[in-house]
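All remarks here apply to the structure that follows.
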Amino acid sequence: MSEKNLWLKLLATAVLGVLAFVEIYPPATRLKGGIDLVGGTSLMYEIDDTDVEGYAKKDLAKQVMQVLRRRIDPDGVRNLVWRPIGSNRLEIQMPMTAGESTRLRQAYRDAQEALKATNVQLHEIEEALLSGARDTALPALSRGVPSRQALLAQAASAYDAMQAVIRSSDIQVKADAEEKYEAALDAVLATNVDVARLDEIASLDGANRQEKLARFKEEYPDRLELIDKALAAFDAWQKVRGGLDDPADLQRMLRSAGVLEFRILAEADPQNPREFDRYREQLAENGPRVLANDLYGWFELEKPESFLDEKNIERFTDEQWSDFRAKRNEIVDRYGDKFYVLAHLSPTKGLLASSKRKWSLKRAIPQPDPSRGGYVVAFELDERGGVQFEALTRENTDKRLCILLDGKAFSAPVIRSTIRTRGEISGDFTAVEVEELSRTLNAGALPARRKQT
């Protein structure tokens, strides 16, 4: 070998070495080890293929794996190991998350717990009132919230007043005393900070976040330092978070892969135009969270333009949006940059995945849509689902039936006649989208029993 060729090969090797070093630098974050090296979690899923026809059982685990992998880790960057075992078992290995993301997530959780520690529970107040050491037990419940001290004293006075008339023959006197005591308790509990609401506000962007945060701080002026610490911890974690920081994230994402539900939409009543104002106010203040005693819930629109049949809706001004929603029969609104529709929460007004009367999807098939062009997903329910679906559609003729996948609203056709086991999901889908939606539905229709090892 000539000296010239030797030097060229050495140079080429050096260049490749430099490029390789740049690619993996810093190695602490770019080089990822498997669970044998760094530890982690292995989730074992057994797919219930009892009702799957014989020919469809072949490579069933591989099909489910492909759908779940596309949904959870489409770019293959989360260092998950997927391994089908036989035809109906699937193992998912998740190496332990290390480094900054884990540390910052825990710091945010600690900041949330510090806020929760200032709260007080109803049973604690009642136990303090009954305690022989009330004079020390009750003030201790103020937990660094000065405004709560006077309210606890008022609750104690109301409790004593109620006890004084508990054997009174005057029913109204007793009722008034009980009402004052309940009101005093509510006033104390109202001083509790809503940590879940703060979490939602922290996830917002720009002016929307600042506006809601300002109102939130006005409600809790005696915990501003703790609130600011929680927000700072969230922002620090947000910069490096990866979406899958622990096995709970993975399990949550797996549970929500391909879950089909049907719900009847709420409808505007011309005779009672302010009927749903409370829900609009809740959405604006707290986001789409369901609160106690809610009869309806907000569900995100997967494709707002298709669902509402209105192009460029995502670019509407506030005035245009206000005019548009006022003309709609269904109850729709915006929160941040997302659109939502209001639907019934009652099991009697839907066919829900959590129904005690178990039902399942038999199959979903992509089909062309001759009436509108494009494609739809034709679905078929099992017989138990068909019986429930028939009752639901019979009792709600001419109402809109919202079709949801993983909690997101895809379409809401008007029920024109009773439907038993067969229906369609429309949504202005492309050929690729309708194939993916069908695969996702079919994978979600297969119950999986998790065995964590």
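The values are calculated or read from the model by the stated rules, or taken from the named source; none is laboratory data. The structure presented is a predicted model; accordingly, all values stated were derived computationally and were not measured. Cβ placement follows ideal geometry from the backbone for every residue including glycine, while neighbour counts extend to all protein chains displayed. What goes into the accessible areas is simple: the full protein's heavy atoms, side chains included, and nothing from ligands, DNA or RNA. Shrake-Rupley method; radii C 1.70, N 1.55, O 1.52, S 1.80 Å.
Quick grid of which residues meet (1) at pLDDT 90 or above; (2) closer than 20 Å to F339 by Cα; (3) open to solvent by 60 Å² or more (accessible area, probe 1.4 Å):
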residue: R400; (1), (2), (3): yes, yes, no
residue: D406; (1), (2), (3): no, yes, no
residue: S417; (1), (2), (3): no, no, yes
residue: E436; (1), (2), (3): no, no, no
residue: T440; (1), (2), (3): no, no, no
residue: Q452; (1), (2), (3): no, no, yes
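Filtered by the rule that a residue be assigned to a loop (DSSP other than H, G, I, E, B) and in contact with an Asp or Glu (Cβ under 7 Å, 6 or more places away or on another chain), the stretch 292-334 gives K303, K311, N329. Of all the numbered requirements in (1) among the polar types (S, T, N, Q); (2) farther than 19 Å from F307 by Cα; (3) out of contact with any helix residue (DSSP H, G or I) (no Cβ under 7 Å at 6 or more places or on another chain); (4) open to solvent by less than 50 Å² (accessible area, probe 1.4 Å), S354 misses one, and that requirement is (4). Could you please let me know if R439 is over 25 Å from the mean Cα position of the chain (by Cα) and of a type in the set (K, R)? Judged against the criteria, R439 is not a match. Among residues of the stretch 220-236 being of a type in the set (A, V, I, L, M) and in contact with a helix residue (DSSP H, G or I) (Cβ under 7 Å, 6 or more places away or on another chain), the one that is farthest from E113 (Cα to Cα) is A236.
Please specify each residue of the stretch 168-190 satisfying the condition of being among the charged types (D, E, K, R), loosely packed, with under 14 Cβ neighbours inside 10 Å and part of a helix (DSSP H, G or I). Residues satisfying the conditions are E179, E182, D186. Each residue in the stretch 144-167 was checked for being out of contact with any helix residue (DSSP H, G or I) (no Cβ under 6 Å at 6 or more places or on another chain), open to solvent by 80 Å² or more (accessible area, probe 1.4 Å) and at pLDDT 90 or above, and 1 of them qualify.
When the residues of the stretch 110-126 are filtered to those that are assigned to a helix (DSSP H, G or I) and either modelled with pLDDT under 90 or exposed (fewer than 14 other Cβ atoms within 10 Å of the Cβ) (or both), which remaining residue is farthest from the chain's Cα centre (by Cα)?
Per the stated criteria, the residue is E126.
Filter the stretch 84-128 down to residues that are closer than 30 Å to D59 by Cβ, hydrophobic (A, V, I, L, M, F, W, C) and either in contact (Cβ under 8 Å) with a residue 60 or more places away in the chain or touching a Lys or Arg at 6+ places or on another chain (Cβ under 8 Å) (or both), then give me how many there are.
So the count comes out to 3.
Every listed requirement among (1) exposed (fewer than 14 other Cβ atoms within 10 Å of the Cβ); (2) at pLDDT below 90; (3) of a type outside the set (K, R) is met by T348 save one, (2).
For the stretch 359-374, taking the residues that are over 29 Å from the mean Cα position of the chain (by Cα) and part of a strand (DSSP E or B), the one that is nearest to S438 (Cα to Cα) is identified as Q367. For the stretch 129-143, filtered to residues that are touching a residue at least 12 places away in the same chain (Cβ under 8 Å) and under 17 Å from A117 (Cβ atoms), the residue that is surrounded by the most Cβ atoms within 10 Å (Cβ to Cβ) is L141. Within the stretch 275-291, being part of a loop (DSSP other than H, G, I, E, B) and open to solvent by less than 30 Å² (accessible area, probe 1.4 Å) holds for F276, G287. Would the stretch 159-181 turn up any residue that is closer than 21 Å to G144 by Cα and among the acidic types (D, E)? No, because not a single residue in the stretch 159-181 is closer than 21 Å to G144 by Cα and among the acidic types (D, E). Would you please list the contacts, defined by Cβ atoms under 6 Å and residues six or more apart or on different chains, that run from a residue in the stretch 405-431 that is farther than 18 Å from R363 by Cα to a residue that is basic (K, R) and part of a strand (DSSP E or B)? Within 6 Å, the pairs are A412/R400; V414/R400.
Across the stretch 88-98, which residue is modelled with the highest pLDDT among those that are open to solvent by 50 Å² or more (accessible area, probe 1.4 Å) and either aliphatic (A, V, I, L, M) or not in a strand (DSSP E or B) (or both)? Checking each candidate, the answer is M96. So, D323, is that one of a type outside the set (K, R), free of Cβ contacts under 8 Å to residues at least 40 places away in the same chain, more than 29 Å from I419 (Cα to Cα) and open to solvent by less than 50 Å² (accessible area, probe 1.4 Å) or not? Taking the combined requirement at face value, the residue does not satisfy it.
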